[in-house]
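Have a look at the structure below before the remarks.
The values are calculated or read from the model by the stated rules, or taken from the named source; none is laboratory data. Quantities reported herein were computed from a predicted structural model and do not represent experimental measurements. Here the Cβ positions follow ideal geometry from the backbone for every residue, glycine too, while neighbour counts run over all protein chains shown.
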Amino acid sequence: METHFSRVALQNTVTCRGAGLHLGQMTAVTLKPAPAGTGRVFIRVDLPGRPEIPADLSQVRETLLSTELGAGSATVRTVEHLLAVLGVMGLEDLIIEVNGPELPLLDGSGLVWWQALQAGGLTPVDNAAEVPPLTEPVAVYDGDAFVIAIPAPQRRFTYGIDFPRYAPIGKQWYSWSPETESFAAEVAPARTFGFADQVEKLRQAGLIQGGSLENALVCDGETWLNPPLRFSDEPARHKLLDLLGDLSLLGPIPPAHYFAYKASHRLHTQLARRLQGNLTN
């Protein structure tokens, strides 16, 4: 069983390449070790002056179908899968050089990022500060969609989705305990998913230009167009991956039970902001 949420440092530079989900541009991402206290910092190496974008809640710009960060005129989007991996690993200090406006989707999951970083070598950080647990419930709602953080002695993440128009998905629930279950085996491999009847509309809006049957699960009303799934509840697991990535913008995620239903990147980041306010008061 791998260790989760125990702080580590990267030993060697790692590079991943691929097309971004929404813009479809080919980009390279180079992950470099950084001194303690640096935090996670994106650098747009393709722009004049190599502007830096801290992976921080204060930099969240857009949350439509992905999470986008920005500083000044520089932005980087679809950061959630990499950030989920970094958050679970406890990799707090990292330089992330990217030569375009969007991170590559890779296989649509967090698994390639996880494997690449493991191959780069990880070592424990001595004297890492303990993250205090949550002391009172925090919740955000939008109609019947919500995300709640409930005080608990250990971290747990639970996600529910409901897509009644799409029989292959329907209602799904998935719950992950970092204390007893492997992120690499149970959460990281879950791929992004979409719907065949929405593809043309989204592409006309300038989205999912890089999506394909090779990097995303696609279903119509009655069947998956590109089986097999890695898990019967892969969509719910992927939404949990997204939640982890958005919560990691807090820095270390405090021990609590995080419970989401029909939520979105917008609600995920709203909850993170509420948590940040509670933790700093």
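Numbers for the structure displayed
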| item | result |
| --- | --- |
| Residue in segment 45-57 that is on the phi > 0 side of the Ramachandran plot and among the small types (Gly, Ala, Ser) present | yes |
| Candidate set: segment 19-41, residues that are modelled with pLDDT under 95 and part of a strand (DSSP E or B); chosen: the one nearest to the chain's Cα centre (by Cα) | Gly20 |
| Of all residues in segment 246-281 being more than 19 Å from Asp144 (Cα to Cα) and hydroxyl-bearing (Ser, Thr, Tyr), the one that is modelled with the highest pLDDT | Ser248 |
| Residue list for segment 226-248, restricted to those being out of contact with any helix residue (DSSP H, G or I) (no Cβ under 6 Å at 6 or more places or on another chain) and either among the aliphatic types (A, V, I, L, M) or closer than 30 Å to Ser58 by Cβ (or both) | Leu229, Ala236, Arg237, His238, Lys239, Leu240 |
| Residue list for segment 42-57, filter: outside any helix (DSSP H, G or I) and either in contact with a helix residue (DSSP H, G or I) (Cβ under 8 Å, 6 or more places away or on another chain) or within 18 Å of Leu91 (Cβ to Cβ) (or both) | Phe42, Ile43, Glu52, Ile53, Pro54, Ala55, Asp56 |
| Whichever residue in segment 58-72 is touching a residue at least 24 places away in the same chain (Cβ under 8 Å) and in a strand (DSSP E or B) and, among such residues, is farthest from Val98 (Cα to Cα) | Val60 |
| From the options Gln172, Gln154, residue that is of a type in the set (S, T, N, Q), in contact (Cβ under 8 Å) with a residue 40 or more places away in the chain, buried (at least 17 other Cβ atoms within 10 Å of the Cβ) and not in a helix (DSSP H, G or I) | Gln172 |
| Test: residue in segment 109-124 that is among the aliphatic types (A, V, I, L, M), within 27 Å of Ala36 (Cβ to Cβ) and crowded, with 22+ Cβ neighbours inside 10 Å | yes |
